[in-house]
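Step one of this worksheet: look at the structure below.
The values are calculated or read from the model by the stated rules, or taken from the named source; none is laboratory data. Note that the structure is predicted; figures quoted are calculated from it, not measured. Here the Cβ is made from the backbone with ideal geometry for all residues, glycine too, and neighbour counts use every protein chain on show. For the accessible areas, the whole protein counts, side chains as well, though only heavy atoms, and no ligand, DNA or RNA atoms are used. Shrake-Rupley method; radii C 1.70, N 1.55, O 1.52, S 1.80 Å.
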Amino acid sequence: MPNALRSPARPAAAGARRPSEPYLRQLMTEAMQGQARSYNALLRAITPLLMSFYGRRLHQGEAEIEDLIQDTLMAIHMRRESYDGARPFTPWLFAIARHKLVDHFRRRRVSSNIDDLSEILRVEGFDEAIEARLDVETLLGSLPEKQAGAIRHTRLKGLSTAEAAMTMGIGESDVKVSVHRGLKRLAGVLEASAA
């Protein structure tokens with residue numbers, strides 16, 4: 001087990017800045033490429049986030065919160081290959097944390113209202129991930145509906161080409177062509193807006 005996973009979870013110092021989404025995404029991407037220093041930095045950066053997340057939702061002792069943090073860090077380690085570097089990191093992180101919290105409540109037979117992911121992101125201060133989602137929807141709104149739908153189903157919802165084709169009532173090759181053309185068109189829009 002990596003040493004970073006064994007270190008006790010400590011809350012961030014008062015006034016400490018929350019790590020940004022791009023910074024966390026960069027650390028995760030580098031960690032997935034085998035950079036141990038980035039992996040350790042990532043674990044140090046997310047530990048206070050998890051402490052805050054669990055601290056807001058649990059009113060038990062600090063030891064129980066630290067156990068949940070350790071479980072979450074282990075889950076992140078075990079599932080790190082499932083992270084898609086093209087997507088924001090914090091929704092992936094808090095989805096894992098939320099599942100660990102649900103498991104925790106199940107084991108103790110506790111009933112509690114668990115926030116949905118968008119509420120978790122808002123409460124934890126990651127509104128930019130929500131804003132990014134709105135920006136994506138705005139961009140998709142500039143595409144023909146078939147292209148936007150194909151991108152939504154395959155890239156945002158994670159459906160396979162076959163599942164997207166069945167959902168949309170079109171052929172698989174039509175989904176592939178629509179995704180390709182839509183992404184190409186979006187790249188052009190983004191390049192034009194950056195110039």
Point to revise | Residue list for region 59-83, filter: outside any helix (DSSP H, G or I) and within 20 Å of Ala41 (Cα to Cα) | key: Tyr83
Check your understanding: Quick one: in region 135-150, which of the residues that are within 22 Å of the chain's Cα centre (by Cα) and within 11 Å of Val189 (Cβ to Cβ) is least open to solvent (accessible area, probe 1.4 Å)?
Key -> Leu140
Practice item. State the number of residues belonging to region 157-173 that are without any contact (Cβ under 8 Å) to a residue 12 or more places away in the chain and surrounded by fewer than 18 Cβ atoms within 10 Å (Cβ to Cβ). Key: 10
